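Remarks on the structure that follows.
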Amino acid sequence: MTVPANSTAAPRTSLWEDFIDIFTSPSEVFRRREHSGFGLQLLIVTVLFAIILLGTKSLVQPVFDAEMARQTAQVLKAHPEVTAEQINKQMAMGAKLAPIFIIVAIPISIVLTGLVLWAVGKIFESKQSAQTGIVVATYAFVPRILGTVVGAVIAYFSNPDRLTGAARITVSLGQFLDPDKASPVLMGLATRVDLFTLWQTVLLAIGLQVTGKVSKSNSYIAAALVWLIGALPTVLGALRR
């Protein structure tokens, strides 16, 4: 079978090139992967995140310890019948399992983000499929992996006494709030105003433009709505406390 002279063969690009190009030419990545599956990409993103998280755990341990101590104080205040020893045992187990829970939560969060993007896009007559929404969400998460590295670097150069909460190792407005004094709702929202979370949101908008054929202005409105929906679990959790 011969190829017509006026035809152009689609370039073959590896998945690893996608993870580089998503920083430099995200539109091209979304365009060439629009009709692909998301399983392998999701696995690669999860494995990369897990390696970095586990590899930098010792650097961010003071943050985990501070969060655990804060939760212990809150539980003891709400349930004075519970002894500190009982709480400490539960918190010690939680500290060991926390990285595993975070790693497991990553692919779930990405899939949910993709489905929310697909659903919100329908408001703006998006032609994106649910599967493609998850593809976009998977690639859009890649800057968050870089954010994990940056968080470890911040922890390395910070005085351990300053690492009093998760926001301390983010590039967010939460950096400027005291986690022991600020409202949990305000802290949760401020932490969402984060360089890498906003970067992810911009990529979601670009992905919706390319794969959903949504206008630029509407795609950013849709991505902002996804950002707001993503903040709900944090806000509702804070309100419960």
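Just so you know, all these numbers are worked out from the coordinates, no wet-lab data involved. Worth saying up front: this structure is predicted, and the values here are computed from it rather than measured. Note that we place each Cβ from the backbone using ideal geometry, even for glycine, and neighbour counts take in every protein chain shown.
With neighbours defined as other Cβ atoms within 10 Å of a residue's Cβ, the residues Lys77, Lys216 order from fewest to most as Lys77, Lys216. Axis of helix 39-55 versus longest Cα principal axis of the chain: the two differ by about 30°, to the nearest ten degrees. Electrostatic tally near Ile134: other residues with Cβ closer than 14 Å to its Cβ, Lys and Arg +1, Asp and Glu -1, net 0. All alpha carbon pair distances within the chain were sorted into 10 Å bins beginning at 0; the resulting P(r) in whole percents reads 7, 27, 32, 20, 9, 3, 1, 0, 0.
Under a Cβ-Cβ cut-off of 13 Å, what is the net charge of the residues other than Gly230 that fall near it, where Lys and Arg count +1 and Asp and Glu count -1? Within the 13 Å Cβ shell, the charges total +1.
Ordering Tyr139, Tyr220, Tyr156 from the fewest to the most neighbouring beta carbons within 10 Å gives Tyr156, Tyr220, Tyr139. Straight-distance candidates among the aspartates and glutamates for linking to Lys96, with alpha-carbon spacing under 19 Å and chain neighbours fewer than 8 residues away dropped: Asp65, Glu67, Glu85.
Using the 10 angstrom Cβ neighbour count as an exposure proxy, how do Asp18, Asp180 rank, fewest first? Please report the intermediate quantities before stating the final value.
Details: Asp18 21, Asp180 11.
If I rank by nearby Cβ atoms, fewest first, I get Asp180, Asp18.
Relative to the longest principal axis of the C-alpha atoms of the chain, give the angle of the C-alpha long axis of helix 195-212, reported between 0 and 90° and rounded to the nearest 10°. On a 0 to 90 degree scale, this one is about 30. Among the trypsin sites (Lys or Arg not before Pro) in segment 80-168, those placed in a DSSP loop whose Cβ has at most 15 other Cβ atoms within 10 Å are Lys127. Annotation for segment 88-151 versus segment 191-225: alpha-carbon center distance of 15 Å.
Annotation for segment 52-87: GluC sites (Glu not before Pro) lying in DSSP loop with at most 11 further Cβ atoms inside 10 Å of their Cβ are Glu81. Choose one answer from Val82, Val226, Val185: the residue with the largest mean-square fluctuation in a GNM of the chain with alpha-carbon springs under 10 Å. Top of the fluctuation ranking is Val82. Estimated from helices alone, the mean residue ellipticity of the chain at 222 nm is -24500 deg cm²/dmol (sum of -39500 (n - 2.57) over DSSP H runs with n ≥ 4, per residue).
In the chain, the longest principal axis of the Cα atoms and the axis of helix 216-240 are about 20 degrees apart.
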